[in-house]
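Data first, discussion second: the structure below is written as C-alpha cells.
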Amino acid sequence: MPELTYLQAISDGLRTEMRADERVFLMGEDIGVFGGAFKVTDGFVAEFGEQRVMDTPLAESAIVGTAVGAAVVGMRPVCEMQFADFISCGFDQLVNVAGKMHYRQGLAVPITVRLPSGGGFSGGPFHSQNPEAWFMHAPGLKVVAPSTPEDAKGLLIGAIRDPNPVVYLEHKNLYRRVRGEVPEGSYATGFDARVARAGDDLTVIAYGAMVHVALEATAPELLDGAAVEVIDLRSLVPLDEAAILASVKKTSKVVVLDEANATCAAGAQVAALIAERGFEDLDGPVVRIAAPDVPIPFSPPLEQAVLPGVERVKEACRDLLAY
Amino acid sequence: MPELTYLQAISDGLRTEMRADERVFLMGEDIGVFGGAFKVTDGFVAEFGEQRVMDTPLAESAIVGTAVGAAVVGMRPVCEMQFADFISCGFDQLVNVAGKMHYRQGLAVPITVRLPSGGGFSGGPFHSQNPEAWFMHAPGLKVVAPSTPEDAKGLLIGAIRDPNPVVYLEHKNLYRRVRGEVPEGSYATGFDARVARAGDDLTVIAYGAMVHVALEATAPELLDGAAVEVIDLRSLVPLDEAAILASVKKTSKVVVLDEANATCAAGAQVAALIAERGFEDLDGPVVRIAAPDVPIPFSPPLEQAVLPGVERVKEACRDLLAY
Amino acid sequence: MAMAMGIAGSDAADDSVADVSVHLTRADRVELLRTMLTMRGIEQRALNLYRQGRVPGSFYDGFGQEAVSTGATFAMAAEDRICALHRDLAAHVVRGTALERILAQYMGRATGVTQGRDGNVHFGDKDLGVVGMVSMLPDMMLVATGMAMAFKLRGEARAALTFFGDGSTSRGDFHEALNWAAVQRLPVIFVLENNQFAYSTPLAKQWTVEPIERARAYGMPGVSVDGNDAEAVFEAVRAARERAIAGGGPTLVEAVTMRMHGHAAHDDMRYVPAELLAQWRERDPIELQERRLAAELDVAALRAEVQAAIDAATAVALRAPMPDPATATDGVFAEQAVPLGDGRAPWSGFARTEA
Amino acid sequence: MAMAMGIAGSDAADDSVADVSVHLTRADRVELLRTMLTMRGIEQRALNLYRQGRVPGSFYDGFGQEAVSTGATFAMAAEDRICALHRDLAAHVVRGTALERILAQYMGRATGVTQGRDGNVHFGDKDLGVVGMVSMLPDMMLVATGMAMAFKLRGEARAALTFFGDGSTSRGDFHEALNWAAVQRLPVIFVLENNQFAYSTPLAKQWTVEPIERARAYGMPGVSVDGNDAEAVFEAVRAARERAIAGGGPTLVEAVTMRMHGHAAHDDMRYVPAELLAQWRERDPIELQERRLAAELDVAALRAEVQAAIDAATAVALRAPMPDPATATDGVFAEQAVPLGDGRAPWSGFARTEA
Ligand SMILES: Cc1ncc(C[n+]2csc(CCOP(=O)(O)OP(=O)(O)O)c2C)c(N)n1
Ligand SMILES: Cc1ncc(C[n+]2csc(CCOP(=O)(O)OP(=O)(O)O)c2C)c(N)n1
Ligand SMILES: [Mg+2]
Ligand SMILES: [Mg+2]
C-alpha cells in the first residue's frame, strides 16, 4: 500500500470516484487551473476537464444551492469551501434546502460539501473554525470527520456515494502533517466509529485532529502505564452510540475531546449521551476538553492557549484515572 | 400591575425602550404600517415614525449586517426576523461579523435580533425551528429566551441595553396563550436563571415554551405528590451554571427539556455540564427530552409526535423519581 | 411603473382578445383556461376548508395570478424541471398532480404530496419533475440554476424554470443565481412574478429600478409581459426555453400581475389601495381567457366540468386518513437517490414537438 | 474590458502627468505619495519579516494597488467611517494608525491593533473610525451601509465608505448592500477594487457585464476610474462623498487596477499572463505620482524619510512582547458600548473644509 499524506488521500479519493462515476463533478473557488487553495485538486483539470472541475464565482450560497439542483437531476456534486468558515455564507441552502428535502418530499440530495476546517497554524478567527456542531443540529445532514489518510479517502468516497447531503470535515492541520498507508482503488469507509487504540482504564473520545492529540497525550509511558482507549468517532451524524457506550461500559471513565468551541459542541452531545445512557457504567464525571467559547485567535501564544493540546489532555486523564 | 399577553409584553418592552432611548430603532420586514407578521409593532409607526420602525427589503443578511453598522456608530438597532427560521439567511453576518467584533477589535456591537421561534401550530419545517443552539455555539453572541410576559419585557429591555449582540428568542406558541402580570415602566431582567417552582425531589430544566410544559407535567397531583423543581433558564448565553448545579445538588435527579432537535441542542450542553460538574450529586441518569432529529412536520399528528409534550415529560419524571 | 406597464399590455374595454402565440392550438387554449379554473377552484375550496378548520396552519393562494404559473409551465416539456412557489398552484396542475393529492396536502393528510410532512404549496411531486419550494425566498432560484447546470454539463436539450416574487429580488440568492446562470450561460428561465407586493411591502421599498434593467446588467435578456394573460406568459417562456435549449443562456421573464388576496388567509390587505384592486379586478386572467375563447367554447360547461372534478377530489381528500404518528421520524435520510422523474403530463405534447 | 479601460485612462509613454483634482493642494499631493510609499514600504518589510518566520499565518498585500486606498480614504473626513479590506493598508495609514502598531499586528504582538487576536489586515482602529474587515467577502459592504443608515437617521452630514474586490461582487451581500443603499438613498460610497483577479479567478468567471452597468441597474451612479492614479481615485470619491452628504445617495466607484503580487505570500501567480503583469508594471501608481511631483519635489528625500519611519517602527514592533496567553479568553463580550471615534488624522484638514 502506498503511503500518502492526509491531503493526498483526499485527492486520491476524489480522483478515484471521479474516474469510476461520471456523475461526480467538483465545484469550488480556484479549484480548477489553480488546483485549490490547498492543492487538493491539483492536476484535476488536466484529467477531467473544466466542466467537471468547475471554478465557480465567489458565491457560497450558489455553490451549495446549485449543487442541490444538480443532485436532484442525477449528478453527484462535490463542493469545496475554500475554508470551512465560509460555509456560513451557504448555511441556509445547506440547512434548509439540502437537509430537509428528503424528509419533506422524498427527494434525495446526494451532495458532498468539503470543509477544510480547524486551527493550529495562526489562521485566526475566520480560518480556524470547526463548524460541525451547527450541522449536527440540522436534521437531514450527515457529518463525517476523518483523522487518518485511510479514512480520509474512504469516508470521502462513502460521502460521495451516500444518497444524502454529507458534510465532510477535512482538518487543515492534518493535511501535510499526517501520513499513512492508504489502500489503492476504491473503497468506502462506513460511517461508524473506530477504536484507535484499545485500553481498559479510561476512554478518550475524539475525532479529526484531536484523535492525534488524544493518542499522543495518552501514551502509556505518560500515564504510569495506564491503558487508555481512544475512540475515533469518524462520523458525527450518524453517531456511533453503541461504540461509545460499549467503551464507557468497559472503562467506566471518559474524557470527551473536541477542538471546537465548547458550548453545544459535538462533545456536548457525546457527553450528554453518556450521562443519560451510560450513567450506570460511570465511575467518574464525564470530563470535557474543548476550546473555550472564543473566536480562535491569531497570535501563536493565544491560539495555543485556546486550542486543546497534549498537555491539557494528559492532565485531565491523569486526574480522572486518579478519581 | 396590568395583565398582558407574552406578545403584548414584548411590544411593551420595545415601546418602553424606544421612548426612553432615541438610539433604539427597529428593522424588519412588514413591521411598519402592517405592524409585523405577529403584530408586535402594531401602532409603532404612528408613534415613532417610519424612520425608527423601518420596513426593510426582503433581505436578512442586510438586516443583520446594516444593524451591525448602525450599532458601531452609536445606534441600538432591534432586528425582527419574520420567523426565526429566516435567520439562516443572515447567519453569516450574525455569527462572523457581529459575534466576533468585540473580541477581535474591542468594538462593541449592541444589536438585538428578535427571533419568533418554535412550533406547535402546524407551521411546518420552515416556521417552527428553535435555532438557539447554533448561536450558543457561536462565541460573542448572548442568547435569551423568556417564558413569561414579565421576562419577555424585562429580557428584551435587557437585551437592548446590553452592549453585545443578543439573540432574543420569542416563542410564537406563547404569544397569545400566555398572560401574566407585567410591571409598568422600564426594567431590565438579568441574564440568569429563575426557579419557576421550587422542589426537592427532582429538577426539570427548561426555557421558553417548555417551561410551561414542565410546570404542567410536574404538578404534584400528577406525580404522587413529588416536589419537582422547575428551573427556567431564561438566558442560554450566559448560562447560569451555578443555578443549574445548585438545583442538581439539591434534588440529585434531573430532566433536561428542550423543544429543539436533540443533537447538540441547548439541552445537550446543560446535560454535559451536569455530567461533568454535578456528577457527584447525581442519583440517576441525566434524562433528556427534546425533539428527535427531524424537520418539524406540518400535520398535527406528526407534529405532536415530534414536539415534547406533557405526557412524555410526566412519564420521564415518573421513571426518574422511581429510579 | 411596473403595474402601469402590465395594464397597458391589453385593453380591458375591448371585449375581443387577440391571440398572442402562434404556437398554441385551440385545444391548448382551452387547456390554459381549464388549468386556471382548476387552480382557482381548488384554492377557493381550500380556503373554505381552512375556514372550517380542516386546513391546519395558515393558507396562501394565488388568486388573480393564475395565468403566470399556468402559462409558464405549459411552455415546458416533460423532461424539463420546475421549481414552483406559493402562488403557483397551476404549475402542479399542469405537471399532472392529482387534485385530491393537492387538497390532501393542504389538510395534512397521509395521501397529500408530502404525506403531511410539509404544508401549503410547499410541495412538489418528484415523479413529475417538480421541486417543492422551501420557505426561504428565493432559494429555489439556485436549485433551478443547478438543475440547468447539470443539463448543460451532460449536453442535454432540457431547461429548468423557477418562479420568484418581487420581494425576493432583494435577497442575495437572487443575485447569485442570475449571475451564475449568466456567466455559465445556463438553460434556465427565471420567472419574476411581480404582484406589486411582498406581504405588505410595496415595490418602491424593494427596488429603485425595474428588475428588467437588472437582467441586462447580468448579461441576459429581460422580457416583461402581461402576467394576467396566460398566453402572453406562455409565449415569453416558450421563446426563452427555445433560446435556452439552443445554448443561448438564461432569460428573466417578468410577469406583471397583482396579488388579489391577502398574503395569507389571515391578511385583510388593508394596506392595498382600493382603486388598485378595482383596476386589477377588471383584468382577471380567467375572464380574459374566457373572452378569448367565448366565440368557440361553452365556457359554462367547462366551468361545470372543472367544478365537478374539484368536488370529486374534495370528497376523496376528506376521506383520506391523517398520517400515522409512528411515521413521524421516518425518512429523514434517503436509502437511495432517485432523480426527479419526467412524469407524463397531458400538456407535454406541445413542448416535446418543439424540443 | 475593464483593464483596457484603466490603461486608457493615462498615457504611460508621456512622462508628464496631469493633475486630476482641483481640490488638492501641492501638500496634499505629496501626502498622497508619502502614503503610498508608506504602504508599499510597510508591506515589503512585512514580507521580509514573513520570510524570516516572524509573521505567523499567511500574508496578503496590496502591491500595485496603493493608489486605491490612499486616494479614496484621503477624500473622507474624520467624522466619516471606513471599512478597509486586505489590499487597503493605506486606509489605515491615512486615518493615522501608527506604523509600529501595524507591524506588530502582522507579527501577532500584544501591541498590534488587535493585540494578537486577529492577523494580517484584519484590523481597524476603533478610535480612528475604521472597522476591520472580516474574511467573509464582501460582508463589510453591509456594515458600511448600516453606518450610512445611522447617519441618515440622525440627519448627520457624514458618509461611510467600503472597499471590495471584483470577486466579491458575485456574492449575495454585494447585491443586498447596493440595493438597500439605493432604496434608502444612503450616504455610502462603494469602492470596487477591480484588480483583475479573485485569487486565481479572472473577471470573466465572475461576471459577464461590467459592474458599472449594475450600478445603474440599482439606481445609483457608477464611475470607473484609473485605480493606479491616486488623484483620480481621490477625485471620484470626493465627488461621491459630496453627493452623499448632500442627500444624493450612494455611488459605486470602480477603481481599475492590478494585483501585482500573488493572492497571498505563498501564491506564485502562475495563472497570470506575463504580458499582463508587464503592462501594468509600466503603470505603477507610485511612479505615476512621483512623475506628477518630480519637478517640485525631492523624491529621493521623501523616500528616505518614509523608509526611516518604517525602520524605526520595525524596531519598535520587534521589541514588543507577544500577548500573554492568560488573556486569550478576555474580551469576548463588551462591558460597555463605545462607538467608533473620529480620530485626528493628519489628512482630515481637507475634508473638513469641504463638509
Ligand atoms: C428569506 C425569507 N424571508 C422572509 C420570508 C417571509 N415571507 C414570506 S412571503 C414574503 C413576501 C414575499 O414577497 P414576494 O417575493 O413578492 O412573493 P409574493 O408572496 O408576493 O408572491 C415574506 C417576507 C420568507 N419567506 N423568506
Ligand atoms: C465569502 C468568502 N468566500 C471565499 C473567500 C476566500 N477568498 C479570500 S480572498 C478571495 C478572492 C477575493 O477576490 P476579490 O474580491 O477580487 O479581492 P482581491 O483579493 O482580488 O482584492 C477568496 C475567494 C472569502 N474570503 N470570502
Ligand atoms: Mg410579491
Ligand atoms: Mg480581485
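The values are calculated or read from the model by the stated rules, or taken from the named source; none is laboratory data. What you are looking at is a predicted structure, and each value in this text was computed from that prediction instead of being measured. FYI the Cβ positions are ideal-geometry reconstructions off the backbone, even for glycines, and counts take in every protein chain you see.
Assorted remarks:
- Subset of segment D:175-202 (residues that are over 23 Å from D:A75 (Cα atoms) and either within 13 Å of ligand 4 (Cβ to nearest atom) or in contact with a His (Cβ under 7 Å, 6 or more places away or on another chain) (or both)): D:H175, D:Q196, D:F197, D:A198, D:Y199, D:S200, D:T201, D:P202
- With respect to being closer than 23 Å to B:G120 by Cα and within 22 Å of the chain's Cα centre (by Cα), B:A67 falls outside the description.
- Members of segment A:95-123 found to be in contact with an Asp or Glu (Cβ under 9 Å, 6 or more places away or on another chain) and assigned to a loop (DSSP other than H, G, I, E, B), listed by number: A:K100, A:A108, A:P110, A:G118, A:G119, A:G120, A:F121, A:S122, A:G123
- Some residue of segment B:216-229 being surrounded by fewer than 16 Cβ atoms within 10 Å (Cβ to Cβ), acidic (D, E), closer than 29 Å to B:G36 by Cα and within 20 Å of the chain's Cα centre (by Cα): no
- Residue in segment D:59-67 that is within 14 Å of another protein chain (Cβ to nearest Cβ) and part of a loop (DSSP other than H, G, I, E, B) present: yes
- Filter result for the condition that a residue is within 14 Å of chain C (Cβ to nearest Cβ) and in contact with a Phe, Trp or Tyr (Cβ under 6 Å, 6 or more places away or on another chain), over B:P295, B:P285: B:P295
- Index of the failed condition, D:Q184 passing every other in (1) under 26 Å from C:P202 (Cβ atoms); (2) within 9 Å of another protein chain (Cβ to nearest Cβ); (3) within 16 Å of ligand 2 (Cβ to nearest atom): (3)
- Within segment B:1-12, considering residues that are under 9 Å from B:V182 (Cβ atoms) and at pLDDT 95 or above, the one surrounded by the fewest Cβ atoms within 10 Å (Cβ to Cβ): B:E3
- Residue within segment A:91-113 that is within 11 Å of chain D (Cβ to nearest Cβ) and in contact (Cβ under 8 Å) with a residue 60 or more places away in the chain present: no
- Residues of segment A:179-226 that are among the aliphatic types (A, V, I, L, M) and without any contact (Cβ under 8 Å) to a residue 24 or more places away in the chain: A:L215, A:A219.
- For segment C:165-210, a residue qualifies if it is surrounded by fewer than 24 Cβ atoms within 10 Å (Cβ to Cβ) and within 23 Å of C:G155 (Cα to Cα), and the qualifying residues are C:A182, C:V183, C:Q184, C:R185.
- Test: residue in segment D:127-147 that is part of a strand (DSSP E or B) and within 16 Å of ligand 4 (Cβ to nearest atom): no
- Candidate set: segment D:68-89, residues that are in a loop (DSSP other than H, G, I, E, B) and surrounded by 24 or more Cβ atoms within 10 Å (Cβ to Cβ); chosen: the one nearest to ligand 4 (Cβ to nearest atom): D:R87
- Output for segment D:210-235, where each listed residue is touching a residue at least 40 places away in the same chain (Cβ under 8 Å), not charged (D, E, K, R) and not in a loop (DSSP other than H, G, I, E, B): D:P211, D:I212, D:Y218, D:S224, D:V225, D:A230, D:A232, D:V233, D:F234
- Qualifying residue in segment D:151-166 (condition: closer than 28 Å to D:H261 by Cα, within 16 Å of ligand 4 (Cβ to nearest atom) and of a type in the set (A, V, I, L, M, F, W, C)): yes
- Restricting segment B:70-84 to residues that are within 7 Å of chain D (Cβ to nearest Cβ) and among the small types (G, A, S), the residue that is nearest to the chain's Cα centre (by Cα) is B:A70.
- Strands (runs of 3 or more DSSP E) fully within segment B:1-72 that include at least 2 residues being away from ligand 1 (no atom under 16 Å from the Cβ): B:3-5, B:24-28.
- Segment D:189-224: number of residues that are over 15 Å from the mean Cα position of the chain (by Cα) and away from chain C (no Cβ under 14 Å): 6
- Residue that is nearest to the other protein chains (Cβ to nearest Cβ) [pool: residues in segment A:298-312 that are under 20 Å from the mean Cα position of the chain (by Cα) and of a type in the set (A, V, I, L, M)]: A:V306
- Condition broken by C:F174, with the remaining ones in (1) in contact with a Pro (Cβ under 7 Å, 6 or more places away or on another chain); (2) within 16 Å of ligand 2 (Cβ to nearest atom) satisfied: (2)
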